[in-house]
Amino acid sequence: MTRPFLVLQLRPEDVAADNEFDAMLRYGGLGHDDVVRVRAERTGLPAIDFDKYAGIIVGGSPFDVSAAENSKSAIQKRIEVQFMELFDQLVDRDFPFLGACSGNGLLGKYCGANISTRYAEPIGGADVFLTPEGERDPLLAGFPTTFRVLLGHKEACDDVPPGTTLLASSSACPVQMFRLRGNLYATQFHPEADPEGFRIRIEVYKDYGYFPPDTADDLMASVATEHTHFAQRILDRFVRRYRQAE
């Protein structure tokens, strides 16, 4: 029997979390029987038997790693501590991991990068470009040097996290994708995102400080014409690569 992927979600908002999960399945070529879903923002991280899973996929979240400690909720603090402990195990095993947006900030923090609002980006489409190392990476080989992604974040890594390999960058945010060891990946952009998913997120998060609420309609119109199939292919390649590794 093929081992499932463990999907760890961190979004408290059901509509956004469900859409994100459905997109992960769709663009990862996964069925419901191929994954175990955990809403970690409700329960914290579970105990994980790594022998039972092919890899771990982590989505985005409104939680900001760089926020003042006294502004973080109890569950956010718990999740951050648990992820630092999880990364100890993942790095030791070089276990397959793909973290998007919040997953990027958490892994970057673990590696010792400073996470701040310096390279925040508004919700919308953006061009990212591959580094030479990115062009050779198994998840990105054969991609165009520059491709479109969907993103939106209030914080990012200020510099390439120590001990990692930078795979993709952009003019507005230097750390768009990196790899730790051979099998742990993080993206600042959303590889699962598509225009409909971002329309939903714009509606859900319009009062969360990502953008002025009165610009929501314009943002929805701007993302409606975005085509981000190369970003989405990252999910498919991650799944195919680590399914085959069993």
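Working only within segment 224-246, note down all residues that are in a helix (DSSP H, G or I), open to solvent by 70 Å² or more (accessible area, probe 1.4 Å) and not basic (Lys, Arg). Full working, then the answer.
Initial filter on segment 224-246 (in a helix (DSSP H, G or I)): 229-244.
From what's left, open to solvent by 70 Å² or more (accessible area, probe 1.4 Å): 229, 233, 240-241, 243-244.
229, 244, listed by residue number.
Can you name every one of the helices (runs of 4 or more DSSP H) wholly within segment 1-113 that holds 2 or more residues which are among the small types (Gly, Ala, Ser)?
By residue number, 14-28, 102-111.
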- request: Within segment 85-141, work out how many residues are of a type in the set (Val, Ile, Thr), at pLDDT 95 or above and closer than 22 Å to residue 151 by Cα.
  value: 4
- prompt: Taking segment 92-144 only, how many residues are in contact with a strand residue (DSSP E or B) (Cβ under 8 Å, 6 or more places away or on another chain), under 22 Å from residue 229 (Cα atoms) and open to solvent by 70 Å² or more (accessible area, probe 1.4 Å)?
  reply: 4
- prompt: Restricting attention to segment 145-163, does a residue exist that is small (Gly, Ala, Ser), surrounded by 20 or more Cβ atoms within 10 Å (Cβ to Cβ) and farther than 15 Å from residue 238 by Cβ?
  reply: yes
task: Give the residue that is nearest to residue 223 (Cα to Cα), with candidates limited to residues of segment 122-147 that are hydrophobic (A, V, I, L, M, F, W, C) and more than 16 Å from the chain's Cα centre (by Cα).
output: 147
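Within segment 202-224, is even one residue of a type outside the set (A, V, I, L, M) and under 16 Å from residue 59 (Cα atoms)? It would help to see each step written out before you state the result.
First pass over segment 202-224, keeping only residues of a type outside the set (A, V, I, L, M): 203, 205-215, 217-218, 222.
Those left that are additionally under 16 Å from residue 59 (Cα atoms): 205.
The answer is yes, given that some residue of segment 202-224 is of a type outside the set (A, V, I, L, M) and under 16 Å from residue 59 (Cα atoms).
For (1) touching a Ser or Thr at 6+ places or on another chain (Cβ under 6 Å); (2) assigned to a strand (DSSP E or B), each residue gets a yes or a no:
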position	(1), (2)
148	yes, yes
151	no, yes
162	no, no
173	no, no
178	yes, yes
196	no, no
206	no, no
218	no, no
222	no, no
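The values are calculated or read from the model by the stated rules, or taken from the named source; none is laboratory data. What you see is a predicted model; the values in this text were computed from it and never measured. All Cβ positions, even for glycine, are placed from backbone atoms using ideal geometry, and neighbour counts span all protein chains on display. Calculation scope for accessible area: heavy atoms of the full protein, side chains included, ligands and nucleic acids excluded. Shrake-Rupley method; radii C 1.70, N 1.55, O 1.52, S 1.80 Å.
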